[in-house]
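Student: Pasting in a structure now, in structure tokens, and then I'll have a few things to ask.
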Amino acid sequence: MQELIHTRGKLLGVDFGDKRTGLAVSDEGQRMASGICQIQVGGMQKTAEETARIARERSAVGIVVGLPVNMDGSHGPRSAHAEKFARLLAEASGLPVALLDERMTTMAASRYLNETDTRGKRRKNVIDTLSAEIILQNALDKLRHLREQAADTTGIKEDEQAWASGSAKR
């Protein structure tokens, strides 16, 4: 997440998949994630290019890609696939791209869709976007925590940090 710690503005969240890729975007203050769409363009390179186009369209300043990590913390073939996609996306977009452990995000999205009784085709159409939203919200929360830690160690007061991040009232 260090790639994004100094960014200010919207971030794009990505749940990359071979068939479908879910996307989410944050607000300017990097407080809240919202799912925006699911893309199905086929192929890693085309998906990276389309994601980069959407990042530009949404004025994103950085991108978070979900990293599928095994439950035991090990990295398998799916992790390598996501890392390759992230490299292609960084090249296509020219933006900083961070990888974030996405363990449990699909499970959380499934649980939410079960609770809202979302089934069938509708479920298939929203699960990747919801997963991207969860990935991005987790990243936003982690970035906020990292920035608070950095402020604590550098002696920057909270109101000065808020002013520097643009979240203070002017």
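Student: Once you put a point 7 Å from the Cα of GLU91 and another 7 Å from the Cα of SER59, both along the Cβ direction, what distance in nm separates them?
Tutor: Placing both labels 7 Å beyond Cα along the Cβ direction yields 3.0 nm.
Student: Rounded to the nearest 20 Debye, what is the dipole magnitude of segment 1-123 about its Cα centre when Lys and Arg each give +1 and Asp and Glu each give -1 at the C-beta?
Tutor: 380
Student: On the accessible surface of segment 26-150, probed at 1.4 Å, how many percent belong to carbon and sulfur atoms?
Tutor: On the way: 3340 of 6580 Å².
C and S fraction of accessible area: 51 percent.
Student: Sticking with this one: Under a 1.4 Å probe, what is the accessible area of the chain per residue, stated in Å²?
Tutor: On the way: 9380 Å² over 170 residues.
With the other protein chains kept in place, the chain gives 55 Å² per residue.
Student: On alpha-carbon atoms, Rg over Rh for the chain using Kirkwood Rh?
Tutor: Expressed as Rg/Rh, it is 0.99.
Student: Starting from 0.36 nm per residue, how many nanometres of slack lie between VAL41 and HIS145 once their C-alpha separation is accounted for?
Tutor: Here the segment from VAL41 to HIS145 would lengthen by 33.9 nm.
Student: Right, next: Percent of Cα-Cα pairs per 5 Å bin, from 0 to the last occupied bin, for segment 97-152, please list those.
Tutor: Whole-percent P(r) values from 0 Å outward: 4, 19, 23, 19, 13, 10, 7, 4, 2, 0.
Student: Quick one: helix 120-154 against the long Cα principal axis of the chain, what's the angle to the nearest 10°, folded into 0 to 90?
Tutor: On a 0 to 90 degree scale, this one is about 20.
Student: Within 15 Å, Cβ to Cβ, of LEU88, how many net charges do the neighbouring residues add up to if Lys/Arg are +1 and Asp/Glu are -1?
Tutor: Here the charged neighbours net out to -1.
Student: Can you grab the distance from the C-alpha centre of segment 82-101 to the C-alpha centre of segment 35-65, Å, no decimals?
Tutor: Distance between centres, Cα-based: 10 Å.
Student: Compare the peptides 34-42, 85-93 by average per-residue count of other Cβ atoms within 10 angstrom and give them in order, highest first.
Tutor: Ranking, from highest mean packing down: 85-93, 34-42.
Student: Then there's this: So how much slack lies between LEU113 and GLU3, counting 0.36 nm per residue of separation and subtracting their Cα-Cα distance, in nm? Intermediate results must be reported in sequence, preceding the final value.
Tutor: Values: separation 110, 0.36 × 110 = 39.60 nm, distance 3.19 nm.
Stretched fully, the LEU113-GLU3 segment lengthens by 36.4 nm.
The values are calculated or read from the model by the stated rules, or taken from the named source; none is laboratory data. What you see is a predicted model, and the numbers here were worked out from it, not measured in a lab. Positions of Cβ are generated from backbone atoms using ideal geometry, with glycine treated the same way; all protein chains shown enter the neighbour counts. Just so you know, the surface numbers come from the protein's heavy atoms only, side chains and all, with ligands and any DNA or RNA stripped out. Shrake-Rupley method; radii C 1.70, N 1.55, O 1.52, S 1.80 Å.
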